[in-house]
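Reviewing the structure listed below.
Every number here is computed from the coordinates shown, using simple stated rules; none is lab data. Just so it is clear, the model here is predicted, and its values are computed rather than measured. A quick note on method: Cβ atoms are made from the backbone with ideal geometry, for glycine too, and the neighbour counts reach across all protein chains shown.
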Amino acid sequence: MKKVTIGDLIARKNREKIVMITAYDALFARLFDDYADMILVGDSLNMSFGGKNETIGLSVDEMIYHAKAVQMGAKRAFLVVDMPFGAIYSKKVALKNCIEIYKKTGCDAVKIEGGSEIKGIVKALSQNGVGVMGHIGLKPQLSRKEGGFKVAGRDEESAKKILDDALELELAGARLLLLEGIPSELGKKITNSVKIPTIGIGAGSDTDGQVLVWSDAFGFYDEFKPKFVKRYMDGANLIREAMKNYADEVRNIKFPSSQYEYTK
Ligand code: KIV
């Protein structure tokens, strides 16, 4: 079981697609590790498991707690940890928080949302030895400011800005790029314009890899399904069914039967 490195991911560009998924604990990270090339401890944690309607609100300490757990389960996959909202508001603060996360969680890269406006931060992190994954296009941490999660880069001007963001972040030292919620043609154009791997979510099939939030992909969150999500299982109903069976058996004194009891 060889650990996936940044070199492996870069070598996969234009050759073999990269598979990335989120995880927030050791239990699921262990299940995903054999099949995923990359695992992301995303700040989607705040929504999928925190029950909130936005990613804003997590602290650096909360990300560290979950990332440490994921690291216990993910022995093979390349591990990326999201920097939560507000954790990179200046170069000094970004260096402090990213280096703390990098050291305490053993992750392979931190992911930061932002375009060319944060290129100085990306450069400083990179110069200080921190692997950086940029996150451009739809930026969920701006959802409150922008009034929701909106597909980005639909008009010529904003598409050009996102392409420029990609080029500037690569130049600043980002080793990977996450492209979220953009038209497929733009996903393709960016992927063909940079040398670093692009991982898409709602960015079409031409990016170098794909990422999904696991609770969306496996149908555990069934109240809302964005267009880009494919459900690979009906997790919510499987859990409901199992929970109902357990509750029924306890109430009807069928569980525990003698096989689950200790004897003297
Ligand atoms: O937080 C997250 O899970 C993300 C997704 C876009 C994959 O950043």
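Residue by residue through segment 167-178, which ³J(HN,Hα) values in whole Hz follow from phi under the Karplus form 6.51 cos²θ - 1.76 cosθ + 1.60 (θ = phi - 60°), with glycine and proline marked x?
Rounded to whole hertz, the list is 5, 5, 5, 4, 4, 6, x, 4, 9, 8, 10, 9.
Relative to the longest principal axis of the chain, what angle (0 to 90°, nearest 10) does the C-alpha long axis of helix 235-251 take?
The answer is roughly 20 degrees.
Would you compute, from DSSP H runs of 4+ residues alone, the mean residue ellipticity of the chain at 222 nm, taking -39500 (n - 2.57) per run and dividing by the full residue count, rounded to the nearest 500? Don't skip to the answer; put the middle values down first.
Working: 11 runs with 108 residues, N = 264.
Estimated from H runs of four or more residues: -12000 deg cm²/dmol.
Please list the three semi-axes, largest first and in whole Å, of the ellipsoid equivalent to the chain, using sqrt of 5 times the eigenvalues of its alpha carbon gyration tensor.
Semi-axes (√(5λ), whole Å): 35, 21, 18.
Normalised by the residues of the chain, what does the relative contact order come to in percent, with Cα pairs under 8 Å and at least six apart? Let's see the in-between values first.
Working: 503 pairs, mean separation 41.2, N = 264.
Worked out over the chain, it gives 16 percent.
Below 8 Å between Cα atoms, with a sequence gap of 6+, how large is the relative contact order for segment 140-255 in percent? Could the numbers behind the result be given before it?
Details: 140 pairs, mean separation 17.4, N = 116.
The normalised contact order for segment 140-255 reaches 15 percent.
Find the centroid of the Cα atoms in segment 82-100 and in segment 239-264, then give the distance between the two in whole Å.
48
Hey, what did segment 1-98 get for relative contact order, percent, Cα under 8 Å, at least 6 apart?
32
To the nearest 10 degrees, how steep is helix 184-193 against the longest Cα principal axis of the chain, on a 0 to 90 scale?
Relative to the chain, helix 184-193 is tipped by roughly 60 degrees.
Using DSSP to define loop residues, name the trypsin sites (Lys or Arg not before Pro) in segment 54-84 whose beta-carbon has at most 14 other beta-carbon atoms within 10 Å. Kindly include the intermediate steps, with their values, before the conclusion.
Numbers: sites: 68, 75, 76; in loops: 75, 76.
Those that pass, being in a loop and sparsely packed, are 75.
Return one number: the angle in degrees, 0 to 90 and rounded to the nearest 10, between the long axis of the Cα atoms of helix 60-73 and the longest principal axis of the Cα atoms of the chain.
70
Skipping prolines and chain starts, which residues have an amide H placed within reach, meaning under 5 Å, of the one on residue 111, given they are 5 or more residues away or on another chain?
81, 82, 83, 133
Residue by residue through segment 11-28, which ³J(HN,Hα) values in whole Hz follow from phi under the Karplus form 6.51 cos²θ - 1.76 cosθ + 1.60 (θ = phi - 60°), with glycine and proline marked x?
Coupling constants for segment 11-28: 5, 7, 4, 6, 10, 9, 5, 9, 9, 10, 8, 7, 8, 10, 8, 5, 4, 7 Hz.
With +1 assigned to the C-beta of every Lys and Arg and -1 to the C-beta of every Asp and Glu, and no other charges, what is the dipole magnitude of the chain about the Cα centre in debye, to the nearest 20? Can you show the working numbers first?
On the way: 39 positive and 35 negative charges, 106 e Å.
For the chain, the charge dipole is close to 500 debye.
Among 3/91; 52/123; 91/150; 13/123; 17/92; 52/139, which pairs are too far apart, with a Cα-Cα distance over 26 Å?
Pairs exceeding 26 Å: 3/91; 52/123; 91/150; 17/92.
Quick check for me: using +1 on Lys/Arg Cβ and -1 on Asp/Glu Cβ, what's the dipole size of segment 69-213 about its Cα centre, in debye to the nearest 20?
Values: 21 positive and 17 negative charges, 121 e Å.
That gives segment 69-213 a dipole magnitude of about 580 debye.
Which of the chymotrypsin sites (Phe, Trp or Tyr not before Pro) found in segment 176-264 are loop residues per DSSP with 15 or fewer other Cβ atoms within 10 Å of their Cβ?
Values: sites: 214, 218, 220, 221, 224, 228, 232, 246, 260, 262; in loops: 218, 220, 221, 224, 228, 232, 262.
Here the sparse-neighbourhood loop sites are 224, 232, 262.
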